[in-house]
Amino acid sequence: MDRSKLKILLTGSDGFVGKHLHVALAKQGYEVFCLRSDLRDYLALEREILNLDFNVLVHLAGIS
């Protein structure tokens, strides 16, 4: 698949690995969306996801 067509939703983009992965993916030409909703807020999460156009999910978020 053409990198320019890959749209990646990244959870956990504020964490150590997420920050570095976001930069690396963007440098490689991927379009990266960083999830901003709180994973515990289902309605906000649903709203955000339904308004994004992505075809790959990289899940790095966790609730401690």
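Checking each residue in the range 16-34 for being within 18 Å of G62 (Cβ to Cβ), outside any helix (DSSP H, G or I) and open to solvent by 30 Å² or more (accessible area, probe 1.4 Å) picks out no residue at all. If you go through the range 35-64 and keep only what is open to solvent by 60 Å² or more (accessible area, probe 1.4 Å), of a type outside the set (G, A, S), assigned to a loop (DSSP other than H, G, I, E, B) and out of contact with any helix residue (DSSP H, G or I) (no Cβ under 9 Å at 6 or more places or on another chain), you end up with R40, D41, N51, D53, F54, I63. Filter the range 1-15 down to the residues that are in a loop (DSSP other than H, G, I, E, B) and open to solvent by 60 Å² or more (accessible area, probe 1.4 Å), then identify the one that is modelled with the lowest pLDDT. Per the criteria, the residue is M1.
The values are calculated or read from the model by the stated rules, or taken from the named source; none is laboratory data. Because the structure is a prediction, the values reported are computed rather than measured. Positions of Cβ are generated from backbone atoms using ideal geometry, with glycine treated the same way; all protein chains shown enter the neighbour counts. When the accessible area is computed, the model is the full protein with side chains, heavy atoms only, and any ligands, DNA or RNA have been set aside. Shrake-Rupley method; radii C 1.70, N 1.55, O 1.52, S 1.80 Å.
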